[in-house]
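A short write-up of the structure that comes next.
The values are calculated or read from the model by the stated rules, or taken from the named source; none is laboratory data. Every value quoted in this text rests on a predicted model; they were computed, and no experiment measured them. When we count neighbours, we look across all protein chains shown, and the Cβ atoms used for this are built from the backbone with ideal geometry, even at glycine. Surface areas here come from the heavy atoms of the whole protein model, side chains and all, with no ligands, DNA or RNA. Shrake-Rupley method; radii C 1.70, N 1.55, O 1.52, S 1.80 Å.
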Amino acid sequence: MGFIPQSGGQMAEIETLIARAEALAFSSGLSLSTVSRKLFNDGKAINRLREGGQCTLKTMQTAQSRLAELEQGTSAATTNVESDPNAILSPSAMTHLDRLEAEAIHIMREVAAETEHPVMLYSVGKDSAVMLHLALKAFYPSKPPFPLMHVDTTWKFREMIKFRDDTVKKLGLDLIVHTNQEGVAQGVGPFTHGSQMHTDVMKTQALKQALDKHKFDAAFGGARRDEEKSRAKERIFSFRSANHRWDPKNQRPELWNIYNTRIAKGESIRVFPISNWTELDIWQYIYREKIDIVPLYFAAKRPVVERDGTLIMVDDDRMPLNGEKPKEEMVRFRTLGCYPLTGAVRSKATTLPEIIQEMLVARNSEREGRVIDHDQAASMEKKKQEGYF
Amino acid sequence: MSVTLEADKKLISEDVVAYLAAHEKKSMLRFITCGSVDDGKSTLIGRLLYDSKLLYDDQVSALERDTKKHGTQGDKIDFALLVDGLAAERELGITIDVAYRYGSTEKRKFIVADTPGHEQYTRNMATGASTADLAVILVDARRGVLTQTRRHSYIVSLLGIRNVVIAINKMDLVDYSEDRFNEIEAEYRAFAKDLGFESIVCIPMSALEGDNITTKSANTRWHNGPALLPYLETVKVRGTLTEKPFRMPVQWVNRPNLDFRGFSGTVATGTIKPGDEIVVLPAAKRSKVKTIITMDGELAEASPDMAVTITLEDEIDISRGDIICAGNAPAEQSDQFAAHLLWMAEDELFPGRQYLLKTANRIVPVTVTELKHKVNVNTLEHMSGKTLELNEVGFCNLNLAHPIAFDPYTENRRTGSFILIDRRTNSTIGAGLIDFSLRRAKNVHWQDLDVNKEVRASVKHQRPCVLWFTGLSGSGKSTVANLVEKRLHDMGRHTYTLDGDNVRHGLNKDLGFTDADRVENIRRVGETSKLMVDAGLIVLVSFISPFQSERRMARELLNDGEFVEVFISTPLEVCEQRDVKGLYARARRGEIKNFTGIDSDYEAPTAAELNLNTADIPAEDAATSIVEYLQENGYLNV
């Protein structure tokens, strides 16, 4: 959560809230992090506030009113979850998210059981965070029976790399990091070669290299059908020829939950377990499951410059500044990739509900923040036929 | 694409946490839209998304831009462009695949499969239908019920959908005529009366003009029924999955360490609790559920669609492909079925060719033994036919290489369905729905089904035996045995040949040619062939085996009828004259000791099942006689 140093004003109110929360924890026997979660939907929020963090006025008001209710022994947060007239329409208690989760787990288990050498592509973004969480659930108490692989273009946000390494270490998982060394040797980068060339060499080509090198026959990806029109028609199990090409006119029909995973030597499968999820489902699931995500998703003051109407964060000194002065602005990212190609949005959303609120009110769809999509009509479909994930 | 109604917006801006809590509890409906070419499916879905007022700004501007470039509606926004994804079909102006769309209202979340109308993409429609709870079938009000409408309705019904909406579209082009609407409704209901639908709801609409999509239209005041979206928000469709007997196909055996052994899978139907008795098919082992494990903790109960891991009270051997069933209501098992088959490949079905059949979690070789009839999807009449072509439906008999556990599709959509896979191309070539087993129920699930000699042999469709070739060196034993094995192999039988070459160099390389070693040689060969018979094979043993007693010993190791002695009675003079390996010459010169027929006796059999002299008949004829013997005595026609 992107708490930032306090700028005064709210200090007294925050102190009072912390004192009341601590008293409640003491009298009710709940841990402070549980109280924190009930008030802020975040177990660490109170700690951050104690260390000098701040929050928006609205978050504070919500927390105060919930605290008042908790002090009276009732909780609005739980009562408004209970009554839903539509619950009876469902044959079991499974919600929409439960069903999406179960579908993804089913797909992951199927791949683990039927392919010889699967891998999970891990891009460090929020969809990857959900995928990883699903994989942990699918095989629990075993660890996922496949490694993670990150294609590192060397231009990712530094916070992404740190988050990646921390996550893998914490969970004790295998991670393969692949970088196109030929591209590095030729000095390929977004500023010198343009977004298209950079993406092709450092991402598309690098992914093909990595899959070939490790001879993976199945690779999980976090693509969703709601992201882009051509994705809407891609199967959950998507087959690639020995040179990684996708043939949209020759896809295998997928009936029921029976997946045909058979391939010839050299061919491979891209598997998209969260095909049927929407952006809202992803956020809602992260919120429900309390999944850690890269702090870049939360608003904070970050140094940005504005180029062609897009806010680009100056993440390191490789960014050429033609007389531009980076400005500290309250921004966050809706999608994460190479920092020079990822536009930030101005935002004050520092909690998950606030992000979701912004997303639901926002009128631009998610991929709008990605520079590569604007290049040409039907661009994603062309990239995919060439092997882009 | 996230779609939210205006009503939600207020809640979102005022209390997003409350919105999230409510939204999380929404139910879900999966439906497909289908119909014939130009009925306006894509327009309908585009309109549903547009009318619910939460298309993103960039999507609307892209839509307006695309309309100018590709639009077919003049100045009006072409909603179909919103859903027609692939560049190829944007140019062709038809939808060629299944596109999935996601929507949400304050009451429900929707997954919409937009499926093709074109005749050659019927298989894609079946794909969309297989996971749908309901179908919206579009009919052009000007053209009425067409061939494709009938076929799509039949396939929707075949794939187990019980609720359909007939969207009679383009009412604006027939002046919103009530008579025309009633005429089409009557025609459709007459056609669909045998399709087993539980509900048929006809709605007059214009996707282009927005009549009866989200609200009831003033243009059709005569219409008593609901508008489309309100109906989809409230219809109850998901059947009684929880009330069916418990079934969970095992997907993956979960063994993080030696102390934990769990069985992971998605519950197909029914519910299960710790302590419930279960039976695992096909082994028919019984146990009780110990725990139901998830990463979020142990569950008190698992219900349909939940992906769980089950541990059992007893250590029983379970692997992927098994089905855990309710102890008092196990699934049936069989290796021969009658099933409906929808053919999805360009190459026609070849009865007799081996394909692969994949069920929820198992792959088994299969042949279509007989096409009983094809179904005329326009009239639902049965027609005779030898094969199925792309998009045709037939009723077939199937013969599987191994028995599988199943339920009839009409009773259980999850354990009664399968796909067919081409062995060479690996493509999915058919979708199947099991009707019933062709074998009488043997109640195998009430007792343990031991894998024994009979079971192994019946999988191979043969009666195992030893063909014991005896005769002098050079008599032609190996030549004849090789010919016999080739013929049996061509007939698809499972065989193995034991002869001096592959036994003397390995298993028996410690043995020489003294009488004692010859006896031990034959004893070992006899025991080895017994194991192979137990494995269900037809074993061809080709050894001089000169002594009566050892041959008798070999015979006695086996059951009656499993030992077929083949005496190759070619006389010594002929053998010595052939002397293919030059052994007789060396024996005569005294270079080889104990050579049968020269300085060691050969005791000819007195009661061999077959006696063949290759001096009189060619080896091919000898082989023919042996294969005929096997056929006549029932070794091959099991």
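Can you tell me which residue within the stretch B:424-467, out of those that are modelled with pLDDT of 85 or more and open to solvent by 70 Å² or more (accessible area, probe 1.4 Å), is farthest from the other protein chains (Cβ to nearest Cβ)? Can you show your working first?
First, pick out the residues of the stretch B:424-467 that are modelled with pLDDT of 85 or more: B:425-438, B:462-467.
If we keep only those that are open to solvent by 70 Å² or more (accessible area, probe 1.4 Å) too, we end up with B:436, B:438, B:463.
Working: B:F436: 19, B:L438: 22, B:R463: 33 Å.
Only one residue tops the list, namely B:R463.
State whether the residues of the stretch B:23-35 include one that is facing chain A (nearest Cβ under 8 Å), modelled with pLDDT of 70 or more and part of a helix (DSSP H, G or I). Walk me through it before giving the result.
Residues of the stretch B:23-35 that are facing chain A (nearest Cβ under 8 Å), as a first pass: B:23-28.
Add one more test, that the residue is modelled with pLDDT of 70 or more, and what stays is B:23-28.
In the following step, the residues that additionally are part of a helix (DSSP H, G or I) were identified as B:23-24.
Yes: the stretch B:23-35 contains one or more residues that are facing chain A (nearest Cβ under 8 Å), modelled with pLDDT of 70 or more and part of a helix (DSSP H, G or I).
Quick one: in the stretch B:284-305, of everything that is of a type in the set (D, E, K, R) and in a strand (DSSP E or B), which residue is modelled with the lowest pLDDT?
Initial filter on the stretch B:284-305 (of a type in the set (D, E, K, R)): B:285-286, B:288, B:290, B:296, B:298, B:301, B:305.
Going one step further and asking which of them are in a strand (DSSP E or B), we end up with B:285-286, B:288, B:290, B:298.
Numbers: B:K285: 91, B:R286: 94, B:K288: 96, B:K290: 97, B:E298: 94.
Out of the qualifying residues, it is B:K285.
Considering only the stretch B:386-396, how many residues are under 10 Å from B:H373 (Cα atoms) and open to solvent by less than 40 Å² (accessible area, probe 1.4 Å)?
Pass one, the stretch B:386-396, residues under 10 Å from B:H373 (Cα atoms): B:386-388, B:393-396.
Of the ones still in play, those that are also open to solvent by less than 40 Å² (accessible area, probe 1.4 Å) are B:387-388, B:393-396.
Counting residues in the stretch B:386-396 that are under 10 Å from B:H373 (Cα atoms) and open to solvent by less than 40 Å² (accessible area, probe 1.4 Å) gives 6.
Restricting to the stretch A:135-171, give me the number of residues that are within 14 Å of chain B (Cβ to nearest Cβ), of a type outside the set (A, V, I, L, M, F, W, C) and under 21 Å from A:K213 (Cβ atoms).
2
Please determine, by comparing only the residues of the stretch A:290-324 that are more than 13 Å from the chain's Cα centre (by Cα) and over 16 Å from A:A344 (Cα atoms), which one is surrounded by the fewest Cβ atoms within 10 Å (Cβ to Cβ).
Our first condition is that a residue be more than 13 Å from the chain's Cα centre (by Cα); within the stretch A:290-324, this holds for A:299-324.
Add one more test, that the residue is over 16 Å from A:A344 (Cα atoms), and what stays is A:317-318, A:320-324.
Details: A:D317: 7, A:R318: 14, A:P320: 9, A:L321: 10, A:N322: 6, A:G323: 4, A:E324: 14.
The selected residue is A:G323.
Just the residues that are buried (at least 23 other Cβ atoms within 10 Å of the Cβ) and either polar (S, T, N, Q) or part of a loop (DSSP other than H, G, I, E, B) (or both), please, taken from the stretch B:332-360.
Result: B:M344, B:L349, B:T359, B:A360.
Considering only the stretch B:108-127, I want to know if a residue exists there that is within 14 Å of chain A (Cβ to nearest Cβ), part of a strand (DSSP E or B) and within 25 Å of the chain's Cα centre (by Cα). Give the derivation first.
Keep residues of the stretch B:108-127 that are within 14 Å of chain A (Cβ to nearest Cβ), which gives B:108-116, B:118, B:120-127.
Narrowing further to those that are part of a strand (DSSP E or B): B:108-114.
From the residues that got through so far, the ones that are within 25 Å of the chain's Cα centre (by Cα) too are B:113.
So far as the stretch B:108-127 goes, yes, one or more of its residues are within 14 Å of chain A (Cβ to nearest Cβ), part of a strand (DSSP E or B) and within 25 Å of the chain's Cα centre (by Cα).
Could you list, in sequence order, all residues of the stretch A:334-361 that are part of a loop (DSSP other than H, G, I, E, B) and under 19 Å from A:D42 (Cβ atoms)?
Taking the stretch A:334-361 first, the residues part of a loop (DSSP other than H, G, I, E, B) are A:334-337, A:347-351.
Matches in the stretch A:334-361: A:S347, A:K348, A:A349, A:T350, A:T351.
The conditions are (1) open to solvent by 70 Å² or more (accessible area, probe 1.4 Å); (2) at positive phi, and B:E632 fails exactly one of them. Which is it?
Just one mismatch for B:E632, condition (2).
Restricting the search to the stretch B:315-331, which residues are away from every other protein chain (no Cβ under 14 Å), in a loop (DSSP other than H, G, I, E, B) and in contact (Cβ under 8 Å) with a residue 40 or more places away in the chain?
Residues satisfying the conditions are B:E315, B:G327, B:N328, B:A329, B:P330, B:A331.
Just checking, does the stretch A:266-289 include any residue being closer than 30 Å to B:T425 by Cα, within 14 Å of chain B (Cβ to nearest Cβ), of a type in the set (D, E) and open to solvent by 20 Å² or more (accessible area, probe 1.4 Å)? Let's see the steps before the verdict.
Quick first cut of the stretch A:266-289, residues closer than 30 Å to B:T425 by Cα only: A:266-276.
Subset that is within 14 Å of chain B (Cβ to nearest Cβ): A:266-269, A:272-276.
Pick out the ones that are also of a type in the set (D, E) and you get A:267.
This time we only want the ones that are open to solvent by 20 Å² or more (accessible area, probe 1.4 Å), so: A:267.
So far as the stretch A:266-289 goes, yes, one or more of its residues are closer than 30 Å to B:T425 by Cα, within 14 Å of chain B (Cβ to nearest Cβ), of a type in the set (D, E) and open to solvent by 20 Å² or more (accessible area, probe 1.4 Å).
Exactly one condition in (1) without any contact (Cβ under 8 Å) to a residue 40 or more places away in the chain; (2) open to solvent by 50 Å² or more (accessible area, probe 1.4 Å) is false for B:T294; which is it?
(2)
Return the pair list, or none, for Cβ contacts closer than 8 Å from residues in the stretch B:576-597 that are in the same structural domain as B:S475 (by TED's automatic domain parsing) and more than 16 Å from B:F513 (Cα to Cα) to residues that are loosely packed, with under 12 Cβ neighbours inside 10 Å and charged (D, E, K, R), at least 6 apart or on different chains.
none
Being more than 9 Å from chain A (Cβ to nearest Cβ), open to solvent by 50 Å² or more (accessible area, probe 1.4 Å) and polar (S, T, N, Q) is the requirement here; does B:N224 meet it? Before you say what the answer is, go through the steps one by one.
Numbers: more than 9 Å from chain A (Cβ to nearest Cβ): yes; open to solvent by 50 Å² or more (accessible area, probe 1.4 Å): yes; polar (S, T, N, Q): yes.
Yes.
Filter the stretch A:113-134 for residues that are open to solvent by 20 Å² or more (accessible area, probe 1.4 Å) and within 10 Å of chain B (Cβ to nearest Cβ) and give the result. Step through it out loud before you land on a result.
Our first condition is that a residue be open to solvent by 20 Å² or more (accessible area, probe 1.4 Å); within the stretch A:113-134, this holds for A:113-114, A:116-117, A:121, A:123, A:127, A:133.
Scanning the stretch A:113-134 gives A:A113, A:E114, A:H133.
What's the number of the only condition in (1) in contact with a helix residue (DSSP H, G or I) (Cβ under 8 Å, 6 or more places away or on another chain); (2) closer than 30 Å to B:L241 by Cβ; (3) of a type outside the set (V, I, T); (4) buried (at least 19 other Cβ atoms within 10 Å of the Cβ) that B:F191 fails to meet?
It fails just one condition, (4).
If I ask for residues that are more than 9 Å from every other protein chain (Cβ to nearest Cβ) and either crowded, with 22+ Cβ neighbours inside 10 Å or over 20 Å from B:P408 (Cβ atoms) (or both), which ones from the stretch B:236-248 would you list?
Across the stretch B:236-248, the qualifying residues are B:F246, B:R247, B:M248.
Given B:N426, B:N391, B:N397, which one is more than 26 Å from B:E198 (Cα to Cα) and either in contact with a helix residue (DSSP H, G or I) (Cβ under 6 Å, 6 or more places away or on another chain) or assigned to a strand (DSSP E or B) (or both)?
It is B:N397.
Is there any pair with a first residue in the stretch B:372-393 that is touching a residue at least 24 places away in the same chain (Cβ under 8 Å) and a second that is loosely packed, with under 13 Cβ neighbours inside 10 Å and in a strand (DSSP E or B) whose Cβ atoms are under 9 Å apart and which are 6 or more apart or on different chains, and what are they?
Pairs that qualify, where the first residue is touching a residue at least 24 places away in the same chain (Cβ under 8 Å) and the partner is loosely packed, with under 13 Cβ neighbours inside 10 Å and in a strand (DSSP E or B), are B:V375/B:M383.
I need the strands (runs of 3 or more DSSP E) fully contained in the stretch A:130-225, keeping only those with at least 2 residues that are touching a Ser or Thr at 6+ places or on another chain (Cβ under 7 Å). It would help to see each step written out before you state the result.
On the way: elements: A:148-151, A:175-178, A:218-220.
Once the strands (runs of 3 or more DSSP E) in the stretch A:130-225 are filtered for at least 2 residues that are touching a Ser or Thr at 6+ places or on another chain (Cβ under 7 Å), what remains is A:218-220.
Where the second residue is open to solvent by 70 Å² or more (accessible area, probe 1.4 Å) and the first is outside any helix (DSSP H, G or I) and lies in the stretch B:168-193, which pairs have Cβ atoms under 7 Å and are six or more apart or on separate chains?
B:K170/B:R142; B:Y176/B:N219
Take the stretch B:508-519 and flag every residue that is modelled with pLDDT of 85 or more and either at positive phi or surrounded by 15 or more Cβ atoms within 10 Å (Cβ to Cβ) (or both).
Kept after step one, since they are modelled with pLDDT of 85 or more, are these residues of the stretch B:508-519: B:508-511.
Scanning the stretch B:508-519 gives B:N508, B:L511.
Take the residues of the stretch A:222-244 that are at pLDDT 80 or above and under 24 Å from the mean Cα position of the chain (by Cα): which is farthest from the other protein chains (Cβ to nearest Cβ)? Talk me through it step by step, then tell me what you get.
Here is the first cut: in the stretch A:222-244, the residues at pLDDT 80 or above are A:222-225, A:235-244.
Narrowing the set further to residues that are under 24 Å from the mean Cα position of the chain (by Cα) leaves A:222-225, A:235-238.
On the way: A:G222: 16, A:A223: 12, A:R224: 9, A:R225: 5, A:R235: 9, A:I236: 10, A:F237: 10, A:S238: 12 Å.
Within the stretch A:222-244, the match that is farthest from the other protein chains (Cβ to nearest Cβ) is A:G222.
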